[in-house]
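The values are calculated or read from the model by the stated rules, or taken from the named source; none is laboratory data. These numbers come from a predicted model, not from an experiment. As a convention, Cβ positions derive from the backbone with ideal geometry for all residues, glycine included, and neighbour counts pool all protein chains shown. Ligands, DNA and RNA are stripped out before the accessible areas are found, and what is left, the full protein with its side chains, is counted by its heavy atoms. Shrake-Rupley method; radii C 1.70, N 1.55, O 1.52, S 1.80 Å.
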Amino acid sequence: MSETTDERTARDRISFLRTLRAVRSFRSEPVPQEVIDDILEVARWSGSAGNSQPWEIVVIKDRETLRSLASVEGYAGHLAGAPLGIVLVMAGEREQRETYDEGRLSERIMLAAHAHGVGSSIGWIVGSGRDAAKEILGIPQEKMVRTTISLGYQGEGARRSRGGQARKPLDEIVHYERYGQESL
Ligand SMILES: Cc1cc2nc3c(=O)[nH]c(=O)nc-3n(C[C@H](O)[C@H](O)[C@H](O)COP(=O)(O)O)c2cc1C
């Protein structure tokens with residue numbers, strides 16, 4: 001029996017979602033502005049708690065700025081080799097809600113990039129890096145800066161992922177009906 005278009009579309013979409021992985025090594029070619037615009041449009045439509053949209057986005061192409069950000073305290077060293085970086089600026093008003101919203105926003109940005117064949121990775125800025133990043137970008141002190149996203153076309157060594165690439169099997173993480181019950 002032949003597969004219907006709907007089934008094929010669903011399978012393609014699941015595969016697209018399933019194959020999003022962190023890319024931390026990039027070729028130097030720039031990400032076209034139309035692609036950036038698409039990514040930002042998807043970002044804009046992300047859902048947030050109470051639809052509060054507690055975010056702003058700094059888009060960075062300048063190599064020196066990217067290198068500076070890569071060097072502050074944190075785990076965003078891959079920004080140094082990326083042709084494009086995004087820094088999420090959260091309102092800094094309601095921590096628990098905004099942390100969740102920030103995660104959704106990050107994932108949307110990465111998926112929109114993936115749709116265009118652009119690889120990406122989150123890089124967290126921590127400790128003194130947060131004030132340093134605000135200083136570099138002129139972000140007001142009261143805002144929350146934690147998440148950067150490196151973006152670009154995948155380069156050599158891009159799949160040398162930190163922390164391994166495996167995932168826990170479903171039977172280790174899924175419970176049916178009640179916690180501890182592994183099948184229906
Ligand atoms: C909340 C969060 C924070 C992350 N922080 C960093 C980071 O600071 N630096 C980094 O290189 N990757 C970071 N990552 C990417 C993870 O390391 C990556 O998602 C994980 O290792 C799985 O990689 P894979 O999908 O390529 O297998 C972060 C991911 C998440 C969800």
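I'm trying to understand the selection: among the residues of segment 73-86, which are surrounded by 18 or more Cβ atoms within 10 Å (Cβ to Cβ) and either within 13 Å of the ligand (Cβ to nearest atom) or over 14 Å from the mean Cα position of the chain (by Cα) (or both)? Before the answer, list the steps.
Taking segment 73-86 as the starting set, the residues that turn out to be surrounded by 18 or more Cβ atoms within 10 Å (Cβ to Cβ) are 74, 76, 78-79, 81-86.
Hits for segment 73-86 are Gly74, Ala76, His78, Leu79, Gly81, Ala82, Pro83, Gly85.
With (1) over 21 Å from Ala133 (Cβ atoms); (2) more than 14 Å from the ligand (Cβ to nearest atom) as the list, and Asp62 as the residue in question, which single condition is left unmet?
(1) is the only condition that Asp62 fails.
Read through the list (1) open to solvent by 60 Å² or more (accessible area, probe 1.4 Å); (2) without any contact (Cβ under 8 Å) to a residue 12 or more places away in the chain, then give the number of the only condition that Thr9 fails.
So Thr9 meets the others, but not (1).
When you go through (1) within 15 Å of Arg108 (Cβ to Cβ); (2) without any contact (Cβ under 8 Å) to a residue 60 or more places away in the chain; (3) within 16 Å of the ligand (Cβ to nearest atom); (4) open to solvent by 40 Å² or more (accessible area, probe 1.4 Å) one by one for Arg44, which number turns out not to apply?
Of everything listed in (1) within 15 Å of Arg108 (Cβ to Cβ); (2) without any contact (Cβ under 8 Å) to a residue 60 or more places away in the chain; (3) within 16 Å of the ligand (Cβ to nearest atom); (4) open to solvent by 40 Å² or more (accessible area, probe 1.4 Å), Arg44 misses just condition (3).
Do we find that Glu182 is modelled with pLDDT under 85 and either over 21 Å from Trp124 (Cβ atoms) or in contact with a helix residue (DSSP H, G or I) (Cβ under 9 Å, 6 or more places away or on another chain) (or both) in this structure?
Answer is yes for this residue.
Of the residues Ser15, Ser28, Ser52, only one is touching a Lys or Arg at 6+ places or on another chain (Cβ under 9 Å) and hydroxyl-bearing (Ser, Thr, Tyr); which? I'd like the intermediate steps shown before the answer.
Numbers: Ser15 fails: touching a Lys or Arg at 6+ places or on another chain (Cβ under 9 Å); Ser28 fails: touching a Lys or Arg at 6+ places or on another chain (Cβ under 9 Å).
Sole residue among the options that is touching a Lys or Arg at 6+ places or on another chain (Cβ under 9 Å) and hydroxyl-bearing (Ser, Thr, Tyr): Ser52.
Taking segment 137-170 only, how many residues are within 15 Å of the ligand (Cβ to nearest atom), of a type in the set (A, V, I, L, M), open to solvent by less than 30 Å² (accessible area, probe 1.4 Å) and at pLDDT 95 or above?
Final tally of qualifying residues: 3.
Within segment 47-72, track down each residue that is surrounded by fewer than 16 Cβ atoms within 10 Å (Cβ to Cβ) and part of a helix (DSSP H, G or I).
Those that are surrounded by fewer than 16 Cβ atoms within 10 Å (Cβ to Cβ) and part of a helix (DSSP H, G or I): Ala49, Gly50, Asn51, Arg63, Glu64, Arg67, Ser71.
Would you mind finding the one in Glu156, Glu135, Glu102, Glu98 that is farther than 21 Å from Arg24 by Cβ, in contact (Cβ under 8 Å) with a residue 24 or more places away in the chain and not aromatic (Phe, Trp, Tyr)?
Checking each option against the conditions leaves just Glu98.
Tell me, which residue of segment 13-32 that is without any contact (Cβ under 8 Å) to a residue 60 or more places away in the chain and exposed (fewer than 10 other Cβ atoms within 10 Å of the Cβ) is nearest to Arg94 (Cα to Cα)?
Among those residues, the one meeting the criterion is Arg18.
Taking Ser128 as meeting all but one of (1) open to solvent by 30 Å² or more (accessible area, probe 1.4 Å); (2) within 27 Å of Arg21 (Cβ to Cβ), write down the number of the exception.
Answer for Ser128: the failing condition is (2).
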